[in-house]
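> Okay, here's the structure, questions in a sec.
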Amino acid sequence: MARHEFRFVVDGVDLTPDQQSQIAGEIQKAGLAALSVAGTKLTNPLALGHANLRLRPEWYGLWVIDGPFAQDLGQKINDIGFWLQK
């Protein structure tokens, strides 16, 4: 399974937690749009992410997982009640 990681770094600018959260949300949207623009064929995507610094400051971004691992992880999340399938 391939893994590709893309980063956006801002250095030398003081940002409030609210500004950081807003920027993270916009970067998440841009990342998902970029997958679409690039014509990426996802079979069973699961997108995980957040921008809540108080919840998990080290987990600040968006992960798009596809394939069998996404199915397995999605089912585990669903089993504990965090993922509601529509």
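Derivation of every value follows stated rules applied to the coordinates shown; laboratory data play no part. It should be emphasised that the depicted structure is a prediction, and the values quoted were computed from it without experimental measurement. Methodologically, a virtual Cβ is constructed for each residue, glycine included, from the backbone with ideal geometry; neighbour enumeration extends over all protein chains shown.
> At what distance in nm do the modelled label points of residue 20 and residue 38 sit from each other, each positioned 7 Å from its Cα along Cα→Cβ?
Taking the simple label geometry, residue 20 and residue 38 are separated by 2.6 nm.
> Whose amide H sits under 5 Å from the amide H of residue 44, counting only residues 5 or more places off or on another chain, with H placed in the peptide plane?
67
> So, one more: Can you order the peptides 4-15, 27-38 by their average number of other Cβ atoms within 10 Å per residue, highest first?
27-38, 4-15
> Output ³J(HN,Hα) for the stretch 63-75: one whole-Hz value per residue in order, computed from phi by the Karplus curve 6.51 cos²θ - 1.76 cosθ + 1.60 with θ = phi - 60°, and x for Gly and Pro.
Working through the residues one at a time gives 10, 10, 10, 9, x, x, 5, 5, 4, 5, 5, x, 5 Hz.
> Here's another thing I want to ask about it. Can you work out the FRET efficiency for the pair residue 5 and residue 77, with r the C-beta to C-beta distance and R0 = 25 Å, to the nearest 0.05? Don't skip to the end; give the middle numbers.
On the way: r = 22 Å, r/R0 = 0.87.
Between residue 5 and residue 77 the formula returns 0.70.
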